[in-house]
Number of protein chains: 2
Amino acid sequence: MKNINIRELAQQLNLSVSTVSKALNDSHEISDETKKRVLKTAATLNYVPNPYASSLRGRKSKNIGVVIPEVADSFFSIAINGIESVAKEKGYHVLICLTHESFENEKNILKEFQGGRVDGVIMSVSRETIQSDHISDLISNGVPLILFDRVCEDVETAKITTDDFESSYKATEHLVAQGCKKIAFLGISKSLSLNSKRQEGYVQALNDHDLKSGNKHIIHCTNELKPNYRLVKKLLQQKNRPDGIVASMEKLTTPVYTACADLNLSIPQDVKMVCFSNLETASILNPSLTTITQPAFEMGKTAASILFRALKKTNLSLTKSSIVIPSSLMIRSSTT
Amino acid sequence: MKNINIRELAQQLNLSVSTVSKALNDSHEISDETKKRVLKTAATLNYVPNPYASSLRGRKSKNIGVVIPEVADSFFSIAINGIESVAKEKGYHVLICLTHESFENEKNILKEFQGGRVDGVIMSVSRETIQSDHISDLISNGVPLILFDRVCEDVETAKITTDDFESSYKATEHLVAQGCKKIAFLGISKSLSLNSKRQEGYVQALNDHDLKSGNKHIIHCTNELKPNYRLVKKLLQQKNRPDGIVASMEKLTTPVYTACADLNLSIPQDVKMVCFSNLETASILNPSLTTITQPAFEMGKTAASILFRALKKTNLSLTKSSIVIPSSLMIRSSTT
DNA sequence: AGATGGTACGAAAACGGTTTCGTAAATAAA
DNA sequence: TTTATTTACGAAACCGTTTTCGTACCATCT
């Protein structure tokens with residue numbers, strides 16, 4: 001059962017290729033009778049159009065690219081579901097590209113997109129990304145691109161974020177309310193604006209409650225489990241050890257919990273912790289983890305909706321379509 | 001900065017389109033000097049070839065399709081990383097398609113693949129999949145397809161699995177050794193062969209240790225959190241409640257833990273639990289969870305390697321390339 | 001009757017690459 | 001010197017669609 005093309009299909013029907021094409025695309029030029037006949041034969045012969053021929057001719061791919069650092073991460077995998085739910089409805093495919101937190105990879109992926117592989121892009125930058133020319137280049141090349149979660153402030157496009165400053169502020173304030181005096185901040189990467197905002201929210205909360213935030217309590221983590229474990233352990237071993245932690249990355253939960261266990265520190269008695277996380281298992285951890293839960297699905301869905309709006313009318317001002325969707329603080333045993 | 005095509009590039013170089021194409025593809029017909037000149041100009045003009053034109057002409061897409069039930073699942077997201085690591089090395093893209101456990105979606109995706117969108121497929125079937133004509137059709141259409149984890153026995157192709165029977169047997173035996181007398185099995189779906197194997201391993205272990213396994217202790221779960229919670233709760237409320245649980249799906253952890261908490265049952269005192277799971281947080285749950293950890297990355301990587309071998313020489317016997325990679329039982333506090 | 005318009009279809013160009021084939025010039029072999 | 005071979009390039013066909021344009025036919029309107 002080899003795959004058939006439109007020419008062979010047309011032969012079978014004693015029709016021209018153009019007529020068949022129009023019939024399949026429900027053109028008004030074709031009579032209902034012919035359309036029915038074409039559809040029926042196409043079905044029985046198992047005709048499936050070649051997407052590359054269509055893309056080439058139509059100069060659109062019906063693909064959107066999703067560029068993210070990792071897929072093995074609750075936030076991103078849920079966001080993908082949000083994006084996909086919209087894309088499917090619009091008859092689009094989602095091409096997921098992973099940067100694995102490498103700027104080099106990110107640049108290469110966007111470069112490839114210049115070739116027309118995708119009609120639009122939804123992206124969350126890598127932790128290494130410190131400049132954004134590759135993004136602006138793609139946009140000025142006519143490919144609409146929307147940033148979500150980890151955005152670059154200086155790129156002029158729509159940005160879907162959560163209220164990083166406010167939620168971090170609230171989380172820190174919550175720790176203060178629970179009696180923490182020395183609160184540490186575990187960041188993702190110095191360069192990310194998302195990280196800066198969370199850090200600023202943390203600092204602001206400390207200031208507003210007259211707690212000094214020595215730099216020693218701000219740590220930037222790596223992408224690996226073990227180095228993070230060592231960093232956290234070192235932090236918790238110093239004489240002036242923190243009694244509260246605001247962690248801005250899901251991946252930091254395990255290192256913190258493990259380090260505490262190994263150092264015989266009890267959560268929440270000795271150290272309280274709140275983490276930006278979408279882990280479903282947060283509520284059944286030992287102890288259950290207080291999280292700032294981001295609206296992952298919603299953010300993905302929103303980003304996709306705006307992208308498709310941009311694909312419809314190209315002169316839409318994307319910059320003004322930026323949206324902030326609030327996260328929610330889920331208070332659990334790790335802080336109480 | 002609009003994207004340039006090969007014709008314009010050729011004009012800039014005062015060369016023919018064919019020469020430029022050959023130079024870019026490092027053909028032996030072109031002199032080194034010309035190649036260098038072409039590469040240089042292509043770089044400065046930011047030329048990126050249109051992938052659809054290449055795919056159309058070459059009748060290969062340089063894409064492989066990955067069809068899986070969900071991406072928000074540790075096993076699958078890690079497997080994707082394994083697949084991607086191989087694909088990237090071979091210069092291929094990965095098109096991830098989610099069935100969301102729907103047979104209808106799965107059929108539609110494979111149907112689309114008939115059109116030549118991908119050169120090969122790596123797939124794990126949905127929980128609803130009870131017959132495999134759609135798979136065989138695609139294969140007989142010339143698209144190599146490899147199954148992993150959730151396979152269909154009757155499809156003649158390579159199957160990458162883990163030792164479901166043995167690991168389930170070992171897990172059950174472990175529960176018996178820990179003193180469990182009434183062990184329940186929580187399955188994914190009746191139709192999956194993966195599920196049958198795990199169930200058979202469980203039953204065999206019970207038999208070998210002279211424990212009867214009334215059908216009441218075999219439950220097939222749904223795909224939703226809340227119904228699963230209700231099922232588990234009901235199971236744990238019956239007079240003859242189990243003192244051990246073998247769960248064959250990562251997603252079952254939260255319902256079991258929550259149900260136990262709500263019923264004031266202690267894990268592991270009242271109920272011991274072991275779960276097929278790749279959750280990184282298993283070790284910091286309350287209590288830490290004994291898991292059967294599948295070699296997710298390895299399975300993905302192996303599946304991809306075999307697929308690429310098949311893409312090289314089409315007459316390779318895929319059926320004989322099936323591989324079983326063992327899982328490992330990680331004993332933690334939920335069973336001790 | 002002649003002009004006009006709508007309907008239903010076909011021929012051919014186009015999308016942007018790759019590949020086959022042809023060929024002129026340079027080199028090697030006889 | 002003649003012939004064969006190699007080198008380096010160009011013209012054109014081709015991949016499978018979509019779309020533009022042309023046209024034959026029929027109905028409708030002056």
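The values are calculated or read from the model by the stated rules, or taken from the named source; none is laboratory data. Just so it is clear, the structure is predicted and the values come from calculations on it, not from any experiment. Because the Cβ atoms are built from the backbone with ideal geometry, glycine has one as well, and the counts that use them run over all protein chains shown. Just so you know, the surface numbers come from the protein's heavy atoms only, side chains and all, with ligands and any DNA or RNA stripped out. Shrake-Rupley method; radii C 1.70, N 1.55, O 1.52, S 1.80 Å.
Tabulated values for the structure
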| item | result |
| --- | --- |
| Which numbered condition A:Ser126 misses (of (1) open to solvent by 40 Å² or more (accessible area, probe 1.4 Å); (2) within 16 Å of the chain's Cα centre (by Cα)) | (1) |
| Hey, A:Thr291 assigned to a strand (DSSP E or B) and within 27 Å of the chain's Cα centre (by Cα) or not | yes |
| Filter result for A:Val67 (under 23 Å from B:Arg117 (Cβ atoms), more than 16 Å from DNA strand D (Cβ to nearest atom), within 36 Å of the chain's Cα centre (by Cα) and more than 10 Å from chain B (Cβ to nearest Cβ)) | yes |
| Residues satisfying the stated conditions in region A:129-148, i.e. more than 12 Å from chain B (Cβ to nearest Cβ) and open to solvent by 10 Å² or more (accessible area, probe 1.4 Å) | A:Ile130, A:Gln131, A:Pro144 |
| Output for region B:141-173, where each listed residue is acidic (Asp, Glu) and farther than 19 Å from B:Pro69 by Cα | B:Asp154, B:Glu156, B:Asp163, B:Glu166, B:Glu173 |
| Evaluation of A:Phe103 against (1) more than 14 Å from chain B (Cβ to nearest Cβ); (2) more than 18 Å from the chain's Cα centre (by Cα) (one fails), failing number | (2) |
| Subset of region B:129-153 (residues that are among the acidic types (Asp, Glu) and in contact with a Ser or Thr (Cβ under 6 Å, 6 or more places away or on another chain)) | B:Asp149, B:Glu153 |
| Pairs, first within 14 Å of chain B (Cβ to nearest Cβ) and near DNA strand D (Cβ under 8 Å from one of its atoms) in region A:1-29, second open to solvent by less than 50 Å² (accessible area, probe 1.4 Å) and charged (D, E, K, R), C-beta under 9 Å, six or more apart | A:Leu24/A:Lys35 |
| Options B:Thr254, B:Thr302; residue that is within 11 Å of another protein chain (Cβ to nearest Cβ), on the phi < 0 side of the Ramachandran plot, of a type in the set (S, T, N, Q) and part of a helix (DSSP H, G or I) | B:Thr254 |
| Subset of region A:30-50 that is within 14 Å of another protein chain (Cβ to nearest Cβ) and among the hydrophobic types (A, V, I, L, M, F, W, C) - its residue that is farthest from DNA strand D (Cβ to nearest atom) | A:Ala43 |
| Breaking point among (1) in contact with a strand residue (DSSP E or B) (Cβ under 6 Å, 6 or more places away or on another chain); (2) within 16 Å of DNA strand C (Cβ to nearest atom), for A:Asp26 | (1) |
| Residues of region A:29-50 satisfying the condition of being open to solvent by 40 Å² or more (accessible area, probe 1.4 Å) and away from DNA strand C (no atom under 12 Å from the Cβ) | A:Leu39, A:Lys40, A:Ala43, A:Thr44, A:Leu45, A:Asn46, A:Pro49 |
| Residue among A:Thr281, A:Thr254 that is of a type in the set (Ser, Thr, Tyr), farther than 30 Å from A:Lys212 by Cβ and touching a Ser or Thr at 6+ places or on another chain (Cβ under 7 Å) | A:Thr281 |
| Residue in region A:114-122 that is open to solvent by 60 Å² or more (accessible area, probe 1.4 Å), touching a residue at least 12 places away in the same chain (Cβ under 8 Å) and touching a Gly at 6+ places or on another chain (Cβ under 6 Å) present | no |
| Criterion: in contact (Cβ under 8 Å) with a residue 40 or more places away in the chain, more than 9 Å from chain B (Cβ to nearest Cβ), open to solvent by 60 Å² or more (accessible area, probe 1.4 Å) and within 16 Å of DNA strand D (Cβ to nearest atom) - qualifying residue of A:Lys90, A:Lys60 | A:Lys60 |
| Region A:255-280 residues that are assigned by TED's automatic domain parsing to the domain that holds A:Asp243, paired with ones that are outside any helix (DSSP H, G or I) and of a type in the set (Asp, Glu) (beta carbon under 8 Å, 6 or more apart) | A:Cys260/A:Asp270; A:Asp270/A:Asp243; A:Val271/A:Asp243; A:Lys272/A:Asp243 |
| Within region B:305-328, tally of residues that are small (Gly, Ala, Ser) and either touching a Phe, Trp or Tyr at 6+ places or on another chain (Cβ under 8 Å) or in a strand (DSSP E or B) (or both) | 2 |
| Filtered residues of region A:219-251 (kept if assigned to a loop (DSSP other than H, G, I, E, B) and open to solvent by 40 Å² or more (accessible area, probe 1.4 Å)) | A:Thr222, A:Asn223, A:Glu224, A:Gln238, A:Lys239, A:Asn240, A:Arg241 |
